[in-house]
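Heads up, the thing below is written out as structure tokens.
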Amino acid sequence: DPKIIQKPKYLVAVTGSEKILICEQYLGHNAMYWYRQSAKKPLEFMFSYSYQKLMDNQTASSRFQPQSSKKNHLDLQITALKPDDSATYFCASSQPRGQNTLYFGAGTRLSVL
Amino acid sequence: GQQVQQSPASLVLQEGENAELQCNFSTSLNSMQWFYQRPGGSLVSLFYNPSGTKHSGRLTSTTVIKERRSSLHISSSQTTDSGTYLCALEEVGDNSKLIWGLGTSLVVNP
């Protein structure tokens, strides 16, 4: 059974629209993250949360807003979508200290037309 | 420039051959992790290896901090090893995020 659930698996959106990417983890971790993987580029760190508080934000655009309604949830709202936002978005979790091996969800593949 | 460089970019093996994947980094290291990315895209942690050598089945990871490199050795490769191998480092003083290489794409033919 997957311990980090991302929904949807695939998402097609039109330019200018808004979408929410869902992430729930059932590993009991207190730290959650969003990463983005675009073609020909390394995985890119976007956000980290610890105990539902924003710890680090490396995303320049305010169009990307993480939302944590529960300890094991970290959704990603993207507004005013652009074709350049097309990528696979991965949610991950870990314990916030010590050997913080990262565990990943299966990703949401977003295509913006 | 890129802080984490992986080599080779791609590798093709015959089943049973060994492989050595390299990861070189240009920044001070707190930890190094190796991941396997399946052809479908999901990522699986292979090793958390800040220094020294670790073994897991046919896989061996060696990190030498003073030489700023880490390697992943795959012995007796199998077709199911095909996929992309990624290394990622956590910088000293910043344990909130990982910095990733571009990966080594491995194909193991039967």
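FYI, it's all coordinate maths here, none of it is from the lab. Treat the numbers as computed from the prediction; the structure is a model and nothing was measured. All Cβ positions, even for glycine, are placed from backbone atoms using ideal geometry, and neighbour counts span all protein chains on display.
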The protein assembly as shown: Lys pairs at Cα distance under 14 angstrom, eight or more positions apart or on different chains:
5
If each K or R counts +1 and each D or E counts -1, the residues other than B:Ser76 whose Cβ falls under 9 Å of its Cβ total -1
Order of A:Lys40, A:Lys70, B:Lys54 - criterion: other Cβ atoms within 10 Å of each residue's Cβ, fewest first
A:Lys40, A:Lys70, B:Lys54
Near B:Arg38, within a Cβ-to-Cβ distance under 14 Å, what is the net charge of the other residues, with Lys and Arg +1 and Asp and Glu -1?
+1
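Gain in length, A:Ser111 to A:Leu54, computed as 0.36 nm per residue apart minus the alpha-carbon separation, to one decimal in nm?
Stretched out fully, the A:Ser111 to A:Leu54 stretch lengthens by 17.9 nm.
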The exposure ranking of B:Ser71, A:Ser69, A:Ser38, B:Ser77, fewest beta-carbon neighbours within 10 Å first, is A:Ser69, A:Ser38, B:Ser71, B:Ser77
Based only on other Cβ atoms within 10 Å, what is the fewest-to-most ordering of A:Glu18, A:Glu24?
A:Glu18, A:Glu24
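Fully extended, how many nm does the chain gain between B:Glu67 and B:Asn109 (0.36 nm per residue separation, minus their Cα-Cα distance)?
Full extension of this stretch gives 11.8 nm more.
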Rg and Dmax in Å for the protein assembly as shown, alpha carbons only: what are they?
17.5, 50
Work out the length of the dipole vector of chain B about its Cα centre, built from +1 on the beta-carbon of each Lys and Arg and -1 on the beta-carbon of each Asp and Glu, and round it to the nearest 20 debye.
120
Distance in nm between pseudo-label sites at A:Asp1 and B:Ser51 (7 Å out along the Cβ direction from Cα)
4.0
Rg and Dmax in Å for the range B:26-91, alpha carbons only: what are they?
12.1, 35
On the formula 1/(1 + (r/R0)^6), with r taken between the Cβ atoms of B:Thr80 and A:Lys70 and R0 of 45 Å, the FRET efficiency rounded to 0.05 is 0.80
Cα coordinate range in chain A, projected on the principal axes (Å, largest first):
40, 30, 29
A:Ala13's amide H: which non-local residues (gap 5+, or another chain) put their own amide H closer than 5 Å, with H modeled 1.01 Å from N in plane and none for Pro or chain starts?
A:Ser111, A:Val112, A:Leu113
